[in-house]
Amino acid sequence: KQEVTQIPAALSVPEGENLVLNCSFTDSAIYNLQWFRQDPGKGLTSLLLIQSSQREQTSGRLNASLDKSSGRSTLYIAASQPGDSATYLCVTMGGATNKLIFGTGTLLAVQP
Amino acid sequence: ETGVTQSPTHLIKTRGQQVTLRCSSQSGHNTVSWYQQALGQGPQFIFQYYREEENGRGNFPPRFSGLQFPNYSSELNVNALELDDSALYLCASSLAGRSGEQYFGPGTRLTVT
C-alpha cells in the first residue's frame, strides 16, 4: 500500500527566501507524481507533473525533481512571495485505476 | 477550453437525507474521479468513472454511488447522510492513461447537521 509523507508539516519563511519541500513515497511503481497547492477551503491547483520516466520539471519559480529509486521528490520554490502561502500536496498516481495517493501536506506561510 | 466545474458550491443537509453533487469535466477528458476531503485531512479516493463505467473504488460504503454521462459529466450520490460525511468533495478529470494529469474542480462543501 502506497504511503506518501511530506516534510516539514509546516514551514514559515520571510519573503524572498528560497525553500525546499520534501516528499517521500513507499512504492516506487508510480506512473507519475504531481505537486498541487490548496488554498484554505478551496480546490486543488496543479503546479507540476513529473512522469515516471522524467527526473524534473520546471515552471517559473518552481522546480520539482523525482527520484523513483529512492522514493523521493522535492519541490523547490525560488524567491518566495506572500502569495505562495498555501498547503502544498505531493500526489502519486499508480495502480490499475490511476488512483491518486495524497501526501500529508506542507503548510507554507511566507511572511511579508 | 473549459475547466472542471462543480455544483453546488455549498450545501447543508440533515442526517439521513440524500444528496447529489455534480461535476463537469474539462473539455476532452473522459475520466472523472471523486475525492472526499475532511477538515484538516488530505483527499481520500471515493471512486473513478471511465466511459460511464465505474473503474475503481476506494474504501467507501455502497451508500456512496455515482454516475457518468455520455458527455463525461458526473454525479456523486450519497444516501442516508451521516455527520461524518461533512467534508469538501472534489472531482478531478483527466484523459485515460497512466500519464494523465489530473485537473480538479473547486469542490462542493457539504455540511451534515
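The values are calculated or read from the model by the stated rules, or taken from the named source; none is laboratory data. None of the values given here were measured: they were computed from a predicted structure. Cβ coordinates were reconstructed from backbone atoms using ideal geometry, including for glycine residues, and neighbour counts include every protein chain displayed. Accessible surface is based on the protein model in full, side chains and every heavy atom, while ligands, DNA and RNA are left aside. Shrake-Rupley method; radii C 1.70, N 1.55, O 1.52, S 1.80 Å.
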key: For chain B, size of Cβ-based charge dipole, Lys and Arg +1, Asp and Glu -1, in debye   = 160
inquiry  = Apply the a/c threshold of 1.5 to the C-alpha gyration tensor of chain A and tell me whether it is rounded, prolate or oblate.
reply    = prolate
ask   = Can you give the accessible area of B:T20, probe radius 1.4 Å, in Å² rounded to 10?
value = 30
ask   = Could you give the dipole magnitude of the range A:52-112 about its Cα centre, charging the beta-carbon of Lys and Arg +1 and that of Asp and Glu -1, in debye to the nearest 20?
value = 160
inquiry  = As I understand it, the dipole of chain B uses +1 on the Cβ of Lys and Arg and -1 on the Cβ of Asp and Glu, about the Cα centre. Which of B:S93, B:G56, B:G40 lies farthest toward its positive end?
reply    = B:G40
note = Here the FRET efficiency for B:D84 versus A:T45, based on Cβ atoms and R0 = 35 Å and rounded to 0.05, is 0.80
message = Using Cα springs under 10 Å in a Gaussian network model of chain B, which residue among B:S33, B:S65, B:S93 shows the largest mean-square fluctuation?
response = B:S65
key: Per-residue HN-Hα couplings for the range B:27-40 [Karplus 6.51, -1.76, 1.60; θ = phi - 60°; Hz; x = Gly/Pro]   = 3, x, 8, 10, 10, 10, 10, 10, 9, 10, 10, 6, 4, x
query = Just the accessible area per residue of chain A, please: how many Å² with a 1.4 Å probe?
reply = 46
task = Arrange the residues A:K42, B:K13, A:K1 by how much accessible surface each exposes, largest first, with a 1.4 angstrom probe.
result = A:K1, A:K42, B:K13
task = Name the residue, out of B:E101, B:E52, B:E75, whose mean-square fluctuation peaks in a Gaussian network model built on chain B with Cα pairs under 10 Å.
result = B:E101
note = Ranked by GNM mean-square fluctuation in chain A (Cα springs under 10 Å), the top entry among A:L33, A:L48, A:L11 is A:L11
note = Judged on accessible area alone, 1.4 Å probe, highest first, B:R22, A:R72 line up as A:R72, B:R22
Whichever lysines have a C-alpha closer than 24 Å to that of A:K1, once near sequence neighbours (fewer than 8 apart) are set aside = A:K68, A:K99
request  = Mind running the shape call on chain B? Use the C-alpha gyration tensor, a ≥ b ≥ c as the square roots of the eigenvalues: rounded below 1.5 for a/c, prolate if a/b tops b/c, oblate otherwise.
outcome  = prolate
query = Once both labels are modelled 7 Å past Cα along the beta-carbon direction, what's the B:L95-B:T14 spacing in nm?
reply = 4.8
ask   = Taking B:K13 as the anchor, which lysines have their alpha carbon closer than 25 Å to its alpha carbon, excluding any fewer than eight residues away along the same chain?
value = A:K42
message = I'd like the interface area for chains B and A: accessible area of each alone minus the complex, both sides summed, 1.4 Å probe, protein heavy atoms only. What is it in Å² to the nearest 100?
response = 1600
message = Rounded to the nearest 10 Å², what accessible area does B:T113 have for a 1.4 Å probe in the complete protein model?
response = 90
request  = Determine the dipole magnitude for chain A: charges of +1 sit on the beta-carbon of Lys and Arg, -1 on that of Asp and Glu, nothing else is charged, the reference point is the Cα centre, and the result goes in debye to the nearest 20.
outcome  = 280
ask   = Looking at A:M93, A:G105, B:V112, which one has the Cα that reaches farthest to the positive end of the dipole of the protein assembly as shown (charges on Cβ: Lys, Arg +1; Asp, Glu -1)?
value = B:V112
